[in-house]
Amino acid sequence: QGVHIAYGDADRHNVKYGYRPLGGNFGIETVDATGVLGMDVSLALDAWGGVHVSYSDRSNRAVKYAYRPSGGAFTTQSVLVYSSPREQGVGDAQTSLGVDGAGGVHIGYLASSSTLLGYLYRPAGGSWRRQEVHFWGPGQCSTGLDNSLLVDANGTVHVSHEGCGLLYSDLACQ
């Protein structure tokens, strides 16, 4: 119980996490301070009290992920580093994060300098997998903006995003 927040500190270019227990005061800690980190931070909590955070890393052109088990400390990792023209702008990616009932982690991202809406998935205890949700070529409607990801009780991943109107996708995470 309580309030959890994660945010990008624009002055220091790092990612912060805050928690306020019911009736208590906020405690703030730094999740990651290596490089120039993006401001599109997403937070999810799992059923075991773990804290999950996704965000962009402008210095290394990457999508990053941080995890803190209940009572533990944050560990961070780059889960996608810019490697193709379709992923240009990954370092400024807008991210959206969800955790399923089995502990699988789901990240939706928009590579800001392109029109690629991507999806990253890591099953509990497994390794990261990447999938393109949508890619729009030059001259087509730029989309994927303001993506929002939700994992429902059945484990189905839903992504909504803007571009020439509101768009919606269901994803298979196998």
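Each reported figure results from applying straightforward, stated rules to the coordinates on display, with no laboratory input. These numbers come from a predicted model, not from an experiment. FYI the Cβ positions are ideal-geometry reconstructions off the backbone, even for glycines, and counts take in every protein chain you see.
Using 1/(1 + (r/R0)^6) with R0 = 25 angstrom and r between the beta carbons of Phe74 and Ser160, what's the FRET efficiency to the nearest 0.05? Don't skip to the end; give the middle numbers.
Numbers: r = 28 Å, r/R0 = 1.13.
According to the calculation, E is roughly 0.30.
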> With each label point set 7 Å from Cα along the Cα-Cβ vector, what nm distance links Phe26 and Leu150?
Replying inline: 2.6
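Regarding segment 27-74, what is the average projected area of its C-alpha convex hull, in nm²? Show your work: numbers first, answer last.
Numbers: hull surface 14.0 nm².
The Cα convex hull of segment 27-74, projected and averaged over all directions, gives 3.5 nm².
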